[in-house]
Amino acid sequence: MRKLFINVSVVLVVGILLISLVWTPILWLFILVGPLVIIGVIDIFQEKHSISRNFPVLGRMRFMMETLRPGIQQYFVESNTDGRPFSRINRSLIYQRAKAVDDTVPFGTQLNVYDSGYSWLNHSIAAIHPEDLNQDPRVIVGGPDCKQPYSASIFNISAMSFGSLSENAILALNGGAKLGNFAHNTGEGGLSDYHLQPGGDIIWQIGTGYFGCRNTDGTFNDEAFKERAHLPQVKMIEIKLSQGAKPGHGGILPARKVTPEIARIRLVEPGIDVISPPAHTEFSTPLEMVHFIKKLRDLSEGKPIGFKLCVGNKSEFFAICKAMHETGIYADFITVDGAEGGTGAAPLEFSNSVGMPLRDGLAFVYDALNGFGLKKHIRIISSGKVATGFDLVKNFALGADMCNSARGMMFALGCIQALECNTNTCPTGVATQDPELSKGLVVSDKKVRVFNYHKSSVFSAIQLMGAAGICHPEQIQRTFVYRRVGPNKIETLAQTYPEIPEGSLVHTPYPSQYELDMALSSSATFMPQFGNVSKVHPQDASAVIDGEVMKKE
């Protein structure tokens, strides 16, 4: 192909030059031919791409088609139900609710109700009219040591940092939170001017980099924390242990992105790489962690303090519960993030293969807190692919008191799932720092859409609760939601995730499913204590054949 390109190029160039001797206007063809020849020559001599080197000019069509593929896939190939991470059905629903237009559907469900994983809500003959229910159910967050409890909406904006999102996106999100009286989580990137300007309620997230409350060496700064924690808009403070999209993974903000503004917000040096370590430096054991919670509560003059995690080793969470039980120092809330959670950029292996999915993690955290008798002091927030009223209800059934949404709120802003969050080229101006792109996001319009989406989603959850004959999210039980687990087998969430009795993890014997993890856990360390578990020698083991234990004679 290279020889063909060279021969054709020579023939075209020589031919045009010869003809120009008798007809000069033909030289205008060089406007078309010239660039193609130059591109082809570049392709032949470059060494990075074999396709372009072997197929000059034509090889570039492959890269062009790769660029166009996501859009073609989304608009012309995928069905309404198979889009990822969010299907077109869910995206369209969010757009309709954000724009306050008709969100009803014709002709029945497009879902296959006999597919494994299909779930539904049990309705009641004694249904309640939604207009008779509280249209804005609230949850009080604050344990026995909290002096400034917060009355929170059941649906709030999940953690997204300024830097990951544009300033206009942050302004619109917080403006929507102000209009709808719900909360906006800052993400670990710090408390920016754009979070504060509209006046919406703030959940200030503090990650391993302690951005906004750090010393120059990256350690925690008490005075910087107090200054921001005392702001009246800051209603709750969340310590981020891990997130679902990349649990156990720190981050780096490259020097070129550390502008003077970002540096001022995060309390870092401009023009220098900013490293977020994978773990906190202020504590290294569960006991140290709960004392850090107490420290933040004291410094903030009694505001609710909680932490966010994607569940990993169950023994580690049991260790935290043991520390809270032993010291009497409780978190005011715990945010459970699922492995299906999103982020602007994550390593593929972490996004696909690390961390516990939301339903499993949420049910476990509720059961662990209940088993230690701690749930009455602690609110649970669920976060991870929450988009519809039914998503809210399912999470309430598994033990959540409130839900957070990130990507749902991004769709309300106008996100089209272009999957360019990590390239700084977001076409809708949401996940970019390019001022020319972010100008396309009009704050005055988008904040109303965020408000509309929140209001409609909460009302949808209220309608579902009314259909089930219940008045408040706290009344939803796991028995209310069914799930197909096979072609002819269904289970309630109570069967899939059986609850354990309150207080059953305080004394032995523990529920059998948690005996091993309880034995491995200690309030003195996050590391599993394998020395506490006796080994089974092969000669003492019983053989299992076809599910039956065959005892040795």
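So that you can scan it fast, the table gives a plain yes or no per residue for (1) among the hydroxyl-bearing types (Ser, Thr, Tyr); (2) within 30 Å of LEU133 (Cβ to Cβ); (3) within 29 Å of the chain's Cα centre (by Cα); (4) surrounded by fewer than 17 Cβ atoms within 10 Å (Cβ to Cβ):
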position	(1), (2), (3), (4)
CYS471	no, yes, yes, yes
GLN475	no, yes, yes, yes
VAL481	no, yes, yes, no
GLU491	no, yes, yes, yes
LEU505	no, no, no, no
PRO509	no, no, no, yes
GLN513	no, no, yes, yes
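Criterion first (touching a Lys or Arg at 6+ places or on another chain (Cβ under 9 Å) and within 25 Å of GLY399 (Cα to Cα)) does VAL336 satisfy it? Spell out the reasoning first.
Working: touching a Lys or Arg at 6+ places or on another chain (Cβ under 9 Å): yes; within 25 Å of GLY399 (Cα to Cα): yes.
Yes: the conditions hold for VAL336.
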Open item on the list: Residues that are open to solvent by 10 Å² or more (accessible area, probe 1.4 Å) and within 15 Å of SER242 (Cα to Cα): does the stretch 191-204 have at least one?
Closed with: no
TODO: Would you be able to say whether some residue in the stretch 234-255 is under 20 Å from ALA169 (Cβ atoms), open to solvent by 10 Å² or more (accessible area, probe 1.4 Å), part of a helix (DSSP H, G or I) and at pLDDT below 90?
DONE: no
- [ ] Scan the stretch 419-432 and give yes if some residue there is touching a Pro at 6+ places or on another chain (Cβ under 9 Å) and either in a helix (DSSP H, G or I) or β-branched (Val, Ile, Thr) (or both), otherwise no.
- [x] no
Open item on the list: For a quick check of your reading of the model, give me the residue pairs whose first member lies in the stretch 142-154 and is over 23 Å from MET324 (Cα atoms), whose second is in a strand (DSSP E or B) and open to solvent by less than 20 Å² (accessible area, probe 1.4 Å), with beta-carbon atoms closer than 7 Å and at least 6 apart or on different chains.
Closed with: ALA152/VAL139; ALA152/VAL141; ALA152/ALA183; ALA152/MET402; SER153/ALA183; ILE154/VAL139; ILE154/MET402; ILE154/CYS403
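Results for (1) buried (at least 23 other Cβ atoms within 10 Å of the Cβ); (2) hydroxyl-bearing (Ser, Thr, Tyr); (3) free of Cβ contacts under 8 Å to residues at least 60 places away in the same chain; (4) more than 24 Å from THR525 (Cβ to Cβ), shown as yes or no for each residue.
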| position | (1), (2), (3), (4) |
| --- | --- |
| PRO278 | no, no, no, no |
| PHE283 | no, no, yes, no |
| LEU287 | no, no, no, no |
| ASN313 | no, no, no, no |
| ASP337 | yes, no, no, no |
- [ ] Please specify each residue of the stretch 374-405 satisfying the condition of being small (Gly, Ala, Ser) and either farther than 16 Å from MET465 by Cβ or touching a strand residue (DSSP E or B) at 6+ places or on another chain (Cβ under 7 Å) (or both).
- [x] SER382, SER383, GLY384, ALA387, ALA397, GLY399, ALA400, SER405
Task: Count - residues of the stretch 84-108 that are open to solvent by 90 Å² or more (accessible area, probe 1.4 Å) and over 22 Å from the mean Cα position of the chain (by Cα) - done: 6
Open item on the list: Between a residue in the stretch 385-398 that is under 12 Å from ILE476 (Cβ atoms) and any residue that is crowded, with 22+ Cβ neighbours inside 10 Å and aromatic (Phe, Trp, Tyr), which pairs come within a Cβ distance under 6 Å, given they are 6 or more apart or on different chains?
Closed with: ALA397/PHE480
TODO: Among the numbered conditions (1) under 30 Å from PHE225 (Cα atoms); (2) open to solvent by 10 Å² or more (accessible area, probe 1.4 Å); (3) in contact (Cβ under 8 Å) with a residue 24 or more places away in the chain, tell me where ASN122 comes up short.
DONE: (1)
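Which of the strands (runs of 3 or more DSSP E) contained wholly in the stretch 266-367 include at least 1 residues that are small (Gly, Ala, Ser) and under 28 Å from SER164 (Cβ atoms)?
Result: 274-276, 305-309.
The values are calculated or read from the model by the stated rules, or taken from the named source; none is laboratory data. As the structure is a computational prediction, the values presented were derived from the model and not from experiment. Neighbour counts run over all protein chains shown; Cβ positions are idealised from the backbone, glycine included. Each accessible area value is taken on the protein alone, full model and side chains, heavy atoms only, with ligands, DNA and RNA left out. Shrake-Rupley method; radii C 1.70, N 1.55, O 1.52, S 1.80 Å.
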